[in-house]
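The values are calculated or read from the model by the stated rules, or taken from the named source; none is laboratory data. None of these values were measured; they are calculated from a predicted model. Positions of Cβ are backbone-derived with ideal geometry, glycine not excepted, and every protein chain shown enters the neighbour counts.
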Amino acid sequence: MTGDNATLAVIEALDRVGVPYMLVGSFSSNAYGVVRATKDADIVVAWKGRSVSAVMKKLGPEFRLDPQMQFESVTGTIRSIIEVESIPFRVELFRLSDDPHDLARFERRKRVFHAGFGRQIFIPTPEDVIITKLRWAVGAARGKDRDDVRDVIAVLGDDALDWEYIYRWAEEHGTRKVLNEIRATIPEISREENHDPRGT
């Protein structure tokens, strides 16, 4: 079994139980930026009266649920961790929280075809990937999130992104300064002196 196999198995289990989901984390930034290896998959789920135990019943014996739920500090939600016995890989299920941006990105999620899975899946928009990665870069001081933000912007290009939406959330989250620093490291954007399309 591979990490892709494990992630797909959990997604299919969520579908069978009828739990709306969105694949986030490295899998979503890989979809828009530069692909990098990862040892976990992060999935936001809207349980809506269903439970992780129902999902576990749809998975095989290779999957083990950590009995201890964990608190995630950036968005203030609860996560359940599913370990894969045969490989160093785990799938983390984050309960959809009441955080305003958490709700907004879930509402805006899009269905795309994932070649590795051979099927369509739900992922955030590129703008919401950038906004979330910025929060983690600042809130958890993770350098890889800064790299992911840079890669998504560099690969898609400035014109492909809704900067008014990104700036609004960056200002609300206090991540605008970090965003500007990251954009300044991208040659094409740096030459434009970090121009804000809104003129501010």
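Under the condition of being under 20 Å from Asp162 (Cβ atoms) and loosely packed, with under 14 Cβ neighbours inside 10 Å, the residues counted in the stretch 89-102 number 1.
So that you can scan it fast, the table gives a plain yes or no per residue for (1) over 15 Å from the mean Cα position of the chain (by Cα); (2) modelled with pLDDT of 95 or more; (3) among the acidic types (Asp, Glu):
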| residue | (1), (2), (3) |
| --- | --- |
| Thr2 | yes, no, no |
| Arg16 | yes, yes, no |
| Met22 | no, yes, no |
| Ser29 | no, no, no |
| Arg36 | no, no, no |
| Val44 | no, yes, no |
| Val55 | yes, yes, no |
| Lys58 | yes, yes, no |
| Pro67 | yes, no, no |
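Of all residues in the stretch 124-145, those satisfying the criterion of being in contact (Cβ under 8 Å) with a residue 12 or more places away in the chain and among the small types (Gly, Ala, Ser) are Ala137, Gly139, Ala140.
Yes/no matrix, rows are residues, columns are (1) among the basic types (Lys, Arg); (2) in a strand (DSSP E or B); (3) assigned by TED's automatic domain parsing to the domain that holds Gly143:
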position: Met1; (1), (2), (3): no, no, no
position: Ala6; (1), (2), (3): no, no, no
position: Val19; (1), (2), (3): no, no, no
position: Leu23; (1), (2), (3): no, yes, no
position: Ser28; (1), (2), (3): no, no, no
position: Ala31; (1), (2), (3): no, no, no
position: Arg36; (1), (2), (3): yes, no, no
position: Gly60; (1), (2), (3): no, no, no
position: Arg64; (1), (2), (3): yes, yes, no
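Against the condition over 13 Å from the mean Cα position of the chain (by Cα), loosely packed, with under 14 Cβ neighbours inside 10 Å, under 19 Å from Ala6 (Cα atoms) and hydroxyl-bearing (Ser, Thr, Tyr), how does Ser86 come out, does it pass? Quick ask: steps written out before the conclusion?
Details: over 13 Å from the mean Cα position of the chain (by Cα): yes; loosely packed, with under 14 Cβ neighbours inside 10 Å: yes; under 19 Å from Ala6 (Cα atoms): yes; hydroxyl-bearing (Ser, Thr, Tyr): yes.
In short, yes.
Residue-wise test of (1) buried (at least 21 other Cβ atoms within 10 Å of the Cβ); (2) within 24 Å of Asp128 (Cβ to Cβ); (3) touching a residue at least 60 places away in the same chain (Cβ under 8 Å).
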residue: Ala9; (1), (2), (3): no, no, no
residue: Val24; (1), (2), (3): yes, yes, yes
residue: Ser29; (1), (2), (3): yes, yes, yes
residue: Val44; (1), (2), (3): yes, yes, yes
residue: Ser53; (1), (2), (3): no, no, no
residue: Ile81; (1), (2), (3): no, yes, no
